[in-house]
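For reference, the structure is listed below as structure tokens.
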Amino acid sequence: MKHITTALGALALSTSLAQAGGVERAATNIGFMFEKGNYAELSFGSVTPSVSGTQLLPAFGTFAGAKSGNMAKRYTTSSLALKTQLNDKLSFGLLLDQPIGADVSYAPSTGYLYGGITGTEAKITSSAVTALLRYKLGDNVSVYAGPKFESAKGTMRLFNGYTLTT
């Protein structure tokens with residue numbers, strides 16, 4: 001029983017760590033393809049997250065109990081969706097969006113591991129174009145497919161001075 005509890009605890013910890021690295025801001029939404037007739041949709045969003053934490057264990061000269069401060073920055077996102085009804089069974093759609101991104105900053109000199117002396121920052125931006133064809137088989141059944149082209153770029157500057165740009 002002790003081994004099962006330890007394994008479950010390790011699994012729970014590893015899944016939360018994996019989620020912490022997620023950069024998906026918006027899943028591809030193809031709902032516009034199911035609107036009647038020709039259709040256009042423009043959307044804008046603004047997010048002001050508040051993400052902070054407390055360091056549990058000391059590491060590399062930092063101490064337990066150090067606060068990260070709010071490490072998430074405000075960001076905006078937008079998308080454009082266009083749909084053309086080609087005939088009663090076939091429609092074509094185009095989606096322009098920004099599906100992934102990140103903008104984080106750990107303040108320096110807080111005692112928090114990622115803050116260090118100079119702080120840590122990371123920024124990821126993206127843009128994507130999705131083209132879709134939808135074929136309506138019946139009132140409640142459709143088949144859709146199409147290519148998606150996505151590009152992303154990012155910059156990371158770590159507390160130790162290491163900088164990476166892609």
So, by mean Cβ neighbours within 10 angstrom, what's the order for 48-61, 25-38 with the highest one leading? 25-38, 48-61
Rounded to whole Å², per residue accessible area for the chain with a 1.4 Å probe reads 67
Tell me the relative contact order for the chain as a rounded percent, counting alpha carbon contacts under 8 Å between residues six or more apart. 17
Positive end of the dipole of the stretch 82-138, charges at C-beta (+1 Lys, Arg; -1 Asp, Glu), about the Cα centre: which of PRO108, ALA128, LEU90 has its Cα farthest in that direction? LEU90
Asserting the computed 222 nm helical MRE of the chain (DSSP H runs at least 4 long, -39500 (n - 2.57) per run, divided by residue count, to nearest 500) equals -4000 deg cm²/dmol
Could you list which residues have their amide H under 5 Å from that of GLY111, counting only those 5 or more apart in sequence or on another chain, with H placed in the peptide plane? GLY116
If you plug each phi of the stretch 132-137 into the Karplus form 6.51 cos²θ - 1.76 cosθ + 1.60 with θ = phi - 60°, what whole-Hz ³J(HN,Hα) values come out, in order, with x for Gly and Pro? 10, 10, 10, 10, 8, 7
Indicate the gyration tensor shape class of the chain (rounded, prolate or oblate), computed on the Cα atoms with a ≥ b ≥ c the square roots of the eigenvalues: a/c under 1.5 is rounded; otherwise a/b larger than b/c is prolate and the rest oblate. prolate
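The values are calculated or read from the model by the stated rules, or taken from the named source; none is laboratory data. Keep in mind that this is a model prediction, so the values were computed, not measured. Cβ: placed from backbone, ideal geometry, glycine included. Neighbour counts: every protein chain shown. For the accessible areas, the whole protein counts, side chains as well, though only heavy atoms, and no ligand, DNA or RNA atoms are used. Shrake-Rupley method; radii C 1.70, N 1.55, O 1.52, S 1.80 Å.
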